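Contents: one structure, followed by commentary.
The values are calculated or read from the model by the stated rules, or taken from the named source; none is laboratory data. In this text, all values refer to a predicted model and were calculated from it rather than measured experimentally. Don't worry about glycine lacking a Cβ; one is built from the backbone with ideal geometry, like all the others, and counts go over all protein chains shown. In case anyone asks, the SASA skips ligands and DNA or RNA and just uses the protein heavy atoms, side chains included. Shrake-Rupley method; radii C 1.70, N 1.55, O 1.52, S 1.80 Å.
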Amino acid sequence: MKKTGWAILLVICCIGGYLALPSNYYLRRALVHLLPKIDQYPIFENRIVKAGAPEPWKISEKYNTLSIPVKYIPAFEELGTVAFIIIQNDSLLFEQYWEDYSPNSHSNSFSMAKSIVSLATGCAIDDGFIKSVDQPVSDFIPGFEGFNGKQLTLRHLLTMSAGVDFQEAYSSPFSPTTKLYYGNNLQEIAFGMKEIEEPGKRFNYQSGVTQLLAFILEKATGEPLSSYVSRKLWTPMHAEEDALWSMDRKDGIEKAYCCFNSNARDFARFGQLLLNKGSWNGQQLVSASYLEEAITPDSSLLYNDTDEPNKSYGFQFWSLNHDGIQIPYMRGILGQYVFVIPERNAVVVRLGHKRDKEYTSQHYPQDIDTWLDAAMDIIQKSDNTSNSNQTF
């Protein structure tokens, strides 16, 4: 028994010593906080994305006169929806919140932040800080020279075709994704990626690639990402509330691949910007040509797992076809979505704790059909009511 007790004590000491290593800071945090959650921003250092000229959405005459159809309610509840809103014709048509969430509640964007980084890249090109999406990464970060004679460019980062060795996996405490999320040295992880394949061949979703893009933006613009996004997007779009972008440490850098914390109403502004082709109140915030390319899947790339042509991903934006309507959208790992529906002049936002584990043939989680079907039903009924009230 004494030998067994000493053996157990030795194992505990070894584990404790391993966890105490400075390089395992992220692992200690992961063991305490476990899997990522939508309301964890208080455990991180955060940089403010200032809302410098707040203006509320106009309120539609039909605001909240309709409800989510009963047949969709089970999915809304089972997947832990906390916010669902619809903007149509530049006005707030519908909103509903669950738990203790409200129009002012912050929730993590998770990978919807990647789309924000893409928009910031478009702004940096418009400003002349970046020459084009085909500018070499090595112009900003020496060491990323490409592979097999093919140069690595910003286009490859934007389209997730960089050919680096980053392994995307939130479920493993030892993955680089977990290190990005809970760690305190984003630069070490992003700059430590190795080029192992020719870029521009395969679509391989990698959060480390977006983080590398953020370092490029900071170097190109000469200011923190949060400051640039505030100046070029958040303030001109008249966001109502300051956002919080979680960082790796105090005075560090934003977790650009995730962790932009805001509310449903203000997230919708990114969708409205896409709907307006980059314009807001007559001011062109991002060039229409960049946005058109950003929301168009690069079909020259092959999915890494199936060898099929990529039909779902552009420049850090997703795209799908829903009942014949092409819908660009932003997507986060726990069911964070901003959908843009041009045919209905509408934007739909869903925030929540979970998404469906099953995927459709279009490479999107099946719960998306629920949010879009519910929104379409509400919009259609609202349109029909408006038409029936017309006098001739």
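Secondary structure note: in the chain, about 90% of the DSSP beta bridges are antiparallel.
Taking a probe of 1.4 Å, how large is the accessible area per residue of the chain, in Å²?
Here the per-residue accessible area is 43 Å².
Placing a label point 7 Å from the Cα of ASP39 along the Cα-to-Cβ direction, the residues of region 75-91 whose backbone N falls under 17 Å from that point are 77-84. The portion of the accessible surface of region 233-372 made up by carbon and sulfur, rounded to a whole percent, is 45 (1.4 Å probe; DNA, RNA and ligands excluded). To the nearest ten degrees, helix 264-275 and the longest principal axis of the Cα atoms of the chain are 70 degrees apart.
Multiplying the residue separation of ASP127 and VAL70 by 0.36 nm and subtracting their alpha-carbon distance yields 15.7 nm.
The peptide list 330-339, 353-362, 49-58, put in order of mean Cβ contacts within 10 Å with the highest first, becomes 330-339, 49-58, 353-362.
Under a Cβ-only charge scheme (Lys and Arg +1, Asp and Glu -1), can you give me the dipole magnitude of the chain about the Cα centre, in debye to the nearest 20? Walk me through the intermediate numbers first.
Numbers: 35 positive and 45 negative charges, 203 e Å.
That gives the chain a dipole magnitude of about 980 debye.
Rounded to 0.05, the FRET efficiency of the ALA169 and LYS250 pair, given R0 = 30 Å and the Cβ-Cβ distance, is 0.65.
Taking the 0 to 90 degree range and rounding to the nearest ten, how far is the long axis of helix 367-388 tilted relative to the main principal axis of the chain, both from C-alpha atoms? Approximately 20 degrees, to the nearest 10. Close amide H partners of TYR303, meaning residues 5 or more places away or on another chain with modelled amide H under 5 Å apart, are PHE203, GLU308, ASN310.
First measure r as the distance between the Cβ atoms of ASP139 and TRP98, then evaluate 1/(1 + (r/R0)^6) with R0 = 51 Å and state the FRET efficiency to the nearest 0.05. Before the final figure, lay out each step's value.
On the way: r = 47 Å, r/R0 = 0.92.
The pair ASP139/TRP98 has a calculated efficiency of 0.65.
From the helices alone, meaning DSSP H stretches of at least four residues, give me the mean residue ellipticity at 222 nm for the chain, per-run term -39500 (n - 2.57), in deg cm²/dmol to the nearest 500. Per the formula, -10000 deg cm²/dmol. Counting Lys +1, Arg +1, Asp -1, Glu -1, what net charge surrounds PRO173 among other residues with beta carbon under 14 Å of its beta carbon? Combined, the nearby Lys, Arg, Asp and Glu give +3.
Protection proxy ranking, highest mean first, for peptides 88-95, 149-156, 320-327: 149-156, 88-95, 320-327, where packing is the per-residue count of other beta-carbon atoms within 10 Å, averaged. In region 49-94, the portion of solvent-accessible area held by carbon and sulfur atoms comes to 53 percent [1.4 Å probe, whole percent, DNA, RNA and ligands not counted]. Site pair GLU292 and GLU198 shows an inter-label distance of 3.0 nm when each label is modelled 7 Å from Cα along Cα→Cβ.
Across the chain, the relative contact order, built from alpha-carbon pairs under 8 Å that are at least six residues apart, equals 23 percent. Solvent-accessible area assigned to carbon and sulfur over region 107-194 amounts to 48 percent, based on a 1.4 Å probe.
Ranked highest first by average number of other Cβ atoms within 10 Å, how do 35-47, 252-264, 231-243 line up?
Details: 35-47: 17.0, 252-264: 25.9, 231-243: 20.2.
Peptide ranking by packing, descending: 252-264, 231-243, 35-47.
On full extension, the segment bounded by GLU55 and PHE191 gains 45.0 nm, given 0.36 nm per residue less the C-alpha separation.
Residues whose amide H falls under 5 Å from that of LEU92, counting only those 5 or more places apart or on a different chain, are LYS58, ILE59, SER60, with hydrogens built in the peptide plane.
3J(HN,Hα) along region 249-254, derived from phi through the Karplus expression 6.51 cos²θ - 1.76 cosθ + 1.60 where θ = phi - 60°, amounts to 6, 4, 6, x, 10, 5 Hz, with x in place of Gly and Pro.
Per the Debye calculation on the chain with a single equal scatterer at every Cα and no solvent contribution, log₁₀ I(q)/I(0) for q = 0.07, 0.13, 0.15 Å⁻¹ amounts to -0.33, -1.08, -1.42. Our compactness index for region 199-343, the C-alpha radius of gyration over the empirical 2.2 N^0.38 Å, is 1.09. Computed 3J(HN,Hα) for region 210-226, one whole-Hz value per residue from the Karplus formula 6.51 cos²θ - 1.76 cosθ + 1.60 where θ = phi - 60°, is 5, 5, 5, 4, 5, 4, 5, 4, 4, 5, 5, 8, x, 8, x, 4, 4, glycine and proline marked x. In degrees, nearest 10, range 0 to 90: what is the angle between the Cα axis of helix 2-20 and the longest Cα principal axis of the chain? It is inclined by approximately 60 degrees.
Stretching ASP90 away from ASP323 to a fully extended chain increases their span by 81.5 nm, per 0.36 nm per residue minus the current alpha-carbon distance.
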